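Working notes, structure below.
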Amino acid sequence: MPRPAEIYVFFGLIATGKSTLAQAWAERHGLTYANSDVVRKELAGLATTTSQKEGVDQGIYTKEFSRRTYDALLSRAEAAIGQGRGVILDASYQSREERGKVVALANRLKTPVRFVLCDCDDEVKKARLALRAQDPNAVSDGRWEIYLQQKARFEPPTELGSGQLVTLDTDLSITAALDKLDALLQREEKKEDKR
């Protein structure tokens, strides 16, 4: 079933399964999909599977390069909405400031924005990171030490208003997670319709 031309932000820490879920949900609903890892490597002129095992704030992960990456995500969202298509932005969106830029864009475009915070148990994250480390086709460069640094920096999304945020436990099968997300968003949309 197609979704409306809205902006959907799948965010949270690395290894929460947000990219797997976001890409599958985009396919299920015919949405444009923009992933920060892919965009970052495209901007750097790298193949998406080129490993960049750099530390936090180094190489293509400096604050300046991250700013370029997140600006490119906003541009892709604006282009998709301009074409009447819904779009998923898939990135960590750790700070209130970054999330605020998406909200400001949505307000300017007069389109709703919905944030999907993905999370799961730390042991699940560790297992996913171990699998990813062995996958030659992995796009993400995330590792456990990067996760711990992200966790320390992550600003809870307390600024997001009612109807803008749903939280999803991603320690489910992909089908179960997709179905649960559909149900959560439908419930939020029904609440809005009653207002």
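Which residues, taken from the range 145-183, are of a type in the set (F, W, Y) and modelled with pLDDT of 95 or more?
Scanning the range 145-183 gives a single hit, F154.
Within the range 61-76, identify whether any single residue is within 14 Å of G12 (Cβ to Cβ) and buried (at least 19 other Cβ atoms within 10 Å of the Cβ), and answer yes or no.
No, that holds for no residue.
Among Q94, Q186, which is over 17 Å from A22 (Cβ atoms) and among the polar types (S, T, N, Q)?
Q186
Which pairs have Cβ atoms under 6 Å, sit 6 or more apart or on different chains, and link a residue in the range 167-195 that is within 29 Å of A127 (Cα to Cα) to one that is not in a helix (DSSP H, G or I) and not hydrophobic (A, V, I, L, M, F, W, C)?
T170/T16; T170/G17; D171/D121; A177/T170
With the structure loaded, tell me whether L31 is without any contact (Cβ under 8 Å) to a residue 60 or more places away in the chain, over 24 Å from S173 (Cβ atoms) and of a type outside the set (D, E) or whether it fails that test.
Answer is no for this residue.
From the list A22, A72, A79, A15, pick out the single residue that is under 23 Å from D122 (Cα atoms) and at pLDDT 95 or above.
A22
The values are calculated or read from the model by the stated rules, or taken from the named source; none is laboratory data. All figures in this text were calculated on a predicted structure; none of them were measured in a lab. Neighbour counts run over all protein chains shown; Cβ positions are idealised from the backbone, glycine included.
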